[in-house]
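Colleague: Structure incoming, see below.
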Amino acid sequence: MAPRSAPIHESQVLGKVVLDASPDKEYYLTREGQLVKIVEGTPQVVGKLSKSDDASFPFVIIGQNNRVMVLADTGILYNKNGERLGYVKEN
């Protein structure tokens, strides 16, 4: 759930993204299919969520510099090499 101080409304948030490399940073997936990072209280779009054809990995997030993250049906995020990057907590 988005904190009350977050500059995006809770109704816009699908889930909170926690990246293993930076668990203290605020990232959210929005209902518009955007990966948003909160920087100094301001939301910045840093990626886009798209559907995939793989039932085990139903979504793909294309981030900055065309970085690809796949979202497993379990909520775990992986890179193209199968290394865990983090997870998504449902809102």
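The values are calculated or read from the model by the stated rules, or taken from the named source; none is laboratory data. Please read all numbers here as calculations on a predicted model, not as lab measurements. All Cβ positions, even for glycine, are placed from backbone atoms using ideal geometry, and neighbour counts span all protein chains on display.
Colleague: What number of residues within segment 1-29 are at pLDDT 90 or above and either closer than 17 Å to residue 87 by Cβ or buried (at least 18 other Cβ atoms within 10 Å of the Cβ) (or both)?
Modeller: 17
Table: residues versus (1) in a strand (DSSP E or B); (2) at negative phi; (3) of a type in the set (A, V, I, L, M); (4) in contact with a His (Cβ under 9 Å, 6 or more places away or on another chain).
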residue	(1), (2), (3), (4)
22	no, yes, no, no
43	yes, yes, no, no
56	no, yes, no, no
85	yes, yes, yes, no
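Colleague: Answer with yes or no whether residue 55 is of a type in the set (Gly, Ala, Ser), modelled with pLDDT under 95 and surrounded by 14 or more Cβ atoms within 10 Å (Cβ to Cβ).
Modeller: No.
Colleague: If you don't mind, there's one more thing I want to ask. Checking residue 84 against (1) over 14 Å from residue 14 (Cβ atoms); (2) touching a residue at least 40 places away in the same chain (Cβ under 8 Å); (3) surrounded by 17 or more Cβ atoms within 10 Å (Cβ to Cβ), only one condition comes out false. Which one?
Modeller: (3)
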